[in-house]
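All remarks here apply to the structure that follows.
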Amino acid sequence: MVKKNACIFISGKGSNLENLIKKSREYSFPVNIKLVISNNKIAQGINFARINSIPFLIVNTKKRGFENLILKIIKKNKISLICLAGYMKIISEKFIREFGKQIINIHPSLLPKYKGLDTYNKILKNKEKKTGCTIHFVNKQLDGGKIINKKFFFLNKNESLETLKIKTQKLERLAYPEAIIKLYRDR
Ligand code: GAR
């Protein structure tokens, strides 16, 4: 099986990155993680790239032309899939157009509910009975692209921010790899 090259964009802890690296080692998983990009030079997730000998790039998003730099490196590495995994920066319309291939994102709610930031607090405040995570295509609408995969669970009465996050992220470990498999299976 010829695997496609994927690049993972991160900003923080990198638990999705760690999981996707692990999955990519499986023979039948459709992508290899060829590159990791972080917009945060102290993102813990960079260590997963380091210990797995995956090239990584730290970009300063305050610098003009940073997206052009990313595009150049992505082309050079023949990347055909970009996976956003806790990348807390909006991807410009121009970037989406110029990359021209698939960009997907994971979000810690059942989209279209609770787009944007502060997701867990909003879920608790609204006393939701059910929540989960969603993997979707990235388009110019924030968290608004076509949905690829979703997983849900029911909240307990005494759910806290901490338990909500743990449960959601546990589901993310299953949902993100599944979404990538689905992408290539549905072709
Ligand atoms: C994940 O829970 C992901 O759903 C969320 O950031 C976390 C990153 O965790 N993404 C967003 O909120 C995007 N709007 P990780 O760095 O441990 O993978």
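In the chain, how does Rg compare with the Kirkwood Rh, expressed as the Rg/Rh ratio over alpha carbon atoms?
Value, to two decimals: 0.96.
Please count, across the range 1-47, the pairs of lysine residues with Cα atoms under 15 Å apart that sit 8 or more places apart or on different chains. Let's see the in-between values first.
Working: Lys3/Lys22; Lys3/Lys23; Lys3/Lys34; Lys4/Lys23; Lys4/Lys34; Lys13/Lys41; Lys22/Lys34; Lys23/Lys34.
Qualifying lysine pairs in the range 1-47: 8.
Expressed as an acute angle from 0 to 90° and rounded to the nearest 10, what is the orientation of the C-alpha long axis of helix 66-76 relative to the principal long axis of the chain?
60 degrees
Please find, in a Gaussian network model of the chain (springs between Cα atoms separated by less than 10 Å), the residue of Asn126, Asn149, Asn77 whose mean-square fluctuation is greatest.
Ranking Asn126, Asn149, Asn77 by mean-square fluctuation puts Asn126 first.
Three principal axis extents, largest first, for the C-alpha atoms of the range 31-117, in Å?
37, 30, 29
Can you tell me, using C-alpha contacts under 8 Å and at least 6 residues apart, the relative contact order of the chain as a whole percent?
About 19 percent, as a whole number.
With axes computed from alpha carbons, what is the tilt in degrees of helix 161-185 against the longest principal axis of the chain, rounded to the nearest 10 within 0 to 90?
Orientation of helix 161-185: about 50 degrees from the principal axis.
Rg(Cα) of the range 82-122 divided by 2.2 N^0.38 Å? Spell out each step's value before the answer.
Working: Rg = 11.8 Å, N = 41, 2.2 N^0.38 = 9.0 Å.
Scaled against compact globular proteins, the figure is 1.31.
Between rounded, prolate and oblate, where does the range 2-80 land on the alpha carbon gyration tensor, with a ≥ b ≥ c its root eigenvalues, rounded for a/c under 1.5, else prolate if a/b exceeds b/c?
Since a/c reaches 1.5 but b/c is at least a/b, the shape of the range 2-80 is classed as oblate.
How many nm is it between the label spots at Phe66 and Asn5, if each spot is 7 Å from the Cα in line with the beta carbon?
Placing both labels 7 Å beyond Cα along the Cβ direction yields 2.3 nm.
Note the angle between two axes, namely the Cα long axis of helix 15-24 and the longest principal axis of the Cα atoms of the chain, as a number of degrees from 0 to 90, rounded to the nearest 10.
60 degrees
If you count only protein heavy atoms with a 1.4 Å probe, what accessible area per residue comes out for the range 1-71, rounded to a whole Å²?
55 Å²
Which of Asn126, Met88, Thr168 sits farthest toward the positive end of the charge dipole of the chain, with +1 on the Cβ of Lys and Arg and -1 on the Cβ of Asp and Glu?
Projecting each Cα onto the dipole axis, the largest value belongs to Met88.
Beyond 21 Å, what share of the Cα-Cα pairs of the range 111-187 is found? Please give it as a whole percent.
Details: 864 of 2926 pairs.
Roughly 30 percent, once rounded to a whole number.
The values are calculated or read from the model by the stated rules, or taken from the named source; none is laboratory data. Please read these numbers as outputs of a predicted model, since none were measured by experiment. Note that each Cβ is placed from the backbone with ideal geometry, even for glycine, and that neighbours are counted across all protein chains shown. The protein model used for the area step is the full one, side chains on, heavy atoms only, and it has no ligands, DNA or RNA in it. Shrake-Rupley method; radii C 1.70, N 1.55, O 1.52, S 1.80 Å.
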